[in-house]
Amino acid sequence: MNARIDVITLAVDDLDRSLVFYRDGLGLKTQGVIATEFPGDEVNAAGAVVMFELEGGLTLALYPRRELAKDAGIPVVPARSGGFSIGHLVATRSDVDKLLAAARAAGATVEDEPRDRPWGIYSGYFRDPDGHLWEVIWNPR
């Protein structure tokens with residue numbers, strides 16, 4: 001196996017709300033909700049998903065929580081996060097502040113205001129509307 005990640009899928013409670021947050025609030029580019037022609041049934045998950053093609057070839061997908069659980073064959077669990085964070089590197093210190101402000105304006109909860117870390121980075125954390133934890137990071141090195 002080559003060491004890489006190609007797709008990160010986030011389970012969301014409201015696909016349209018999450019689409020608006022990431023597309024309109026954070027400015028990510030997408031075609032919107034796709035694959036709606038696959039309605040699913042009691043056994044098979046529905047296909048409706050939102051995909052964002054990010055720099056470097058990574059795809060960020062948003063998928064309804066119930067459908068992701070059905071597709072993976074796991075129980076539906078309530079939204080919770082904190083066991084991991086998704087990091088976003090920015091070019092400048094002020095970009096950290098700008099992105100956290102944009103996330104807040106779009107409905108995110110800022111968990112940790114941006115600050116200098118002892119190991120030399122400047123970063124802050126926010127949670128998206130479904131509780132997924134993001135860190136916005138400027139590394140001067």
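Sequence-distant or interchain residues sharing an amide H contact under 5 Å with Gly47, placed H: which?
For Gly47, the qualifying residues are Phe38, Gly40.
Using θ = phi - 60° and the Karplus form 6.51 cos²θ - 1.76 cosθ + 1.60, what ³J(HN,Hα) does each residue of the stretch 70-77 get, whole Hz, x for Gly and Pro?
Values, residue by residue: 4, 5, 8, x, 10, x, 6, 10 Hz.
Taking the Cα centre as origin and putting +1 on Lys and Arg beta-carbons and -1 on Asp and Glu beta-carbons, what dipole magnitude results for the stretch 86-138, to the nearest 20 debye?
120
Multiply the residue separation of Glu111 and Thr9 by 0.36 nm, subtract the distance between their alpha-carbon atoms, and state the gained length in nm to one decimal.
Gain on extension, Glu111 to Thr9, equals 34.5 nm.
Give the peptides 91-103, 120-132 in descending order of average Cβ contacts within 10 Å, highest first.
120-132, 91-103
Taking 0.36 nm per intervening residue step and subtracting the Cα-Cα distance, what contour gain separates Ile86 from Asn139 on full extension?
17.5 nm
Could you tell me what a quarter of the Cα convex hull surface of the chain works out to, in nm² with one decimal place?
Averaging across all directions leaves 9.9 nm² for the Cα convex hull.
Let me check I have the definition right: for the stretch 7-72, take the eigenvalues of the Cα gyration tensor, multiply each by 5, take square roots. What are those semi-axes in whole Å, largest first?
Equivalent-ellipsoid dimensions as semi-axes: 21, 12, 10 Å.
Based on the mean of other Cβ atoms within 10 Å per residue, sort peptides 64-75, 79-90 so the most packed one is first.
Descending packing order for the listed peptides: 64-75, 79-90.
Name the residue from Ala48, Thr59, Val76 whose Cα lies farthest towards the positive end of the charge dipole of the chain, charges +1 on Cβ of Lys and Arg and -1 on Cβ of Asp and Glu.
Thr59
Remind me, relative contact order of the stretch 86-138 in percent, using alpha carbon pairs under 8 angstrom and six or more residues apart?
Rounded, it is 43 percent for the stretch 86-138.
Taking the Cα centre as origin and putting +1 on Lys and Arg beta-carbons and -1 on Asp and Glu beta-carbons, what dipole magnitude results for the stretch 7-72, to the nearest 20 debye?
It comes to approximately 160 debye.
Multiply the residue separation of Thr59 and Gln31 by 0.36 nm, subtract the distance between their alpha-carbon atoms, and state the gained length in nm to one decimal.
8.8 nm
Counting other beta carbons within 10 Å of each residue's own, what order do Trp138, Trp119 fall into, fewest first?
Arranged by neighbour count, lowest to highest, Trp138, Trp119 become Trp119, Trp138.
Name the residues of the stretch 127-141 whose amide N is less than 15 Å from a point 7 angstrom out from the Cα of Arg104 along the C-beta direction?
Counting only backbone N, you get 127-128, 136.
Read-outs: derived from the displayed coordinates by stated rules, not from any lab. All values derive from a computational prediction rather than experimental measurement. Note that we place each Cβ from the backbone using ideal geometry, even for glycine, and neighbour counts take in every protein chain shown.
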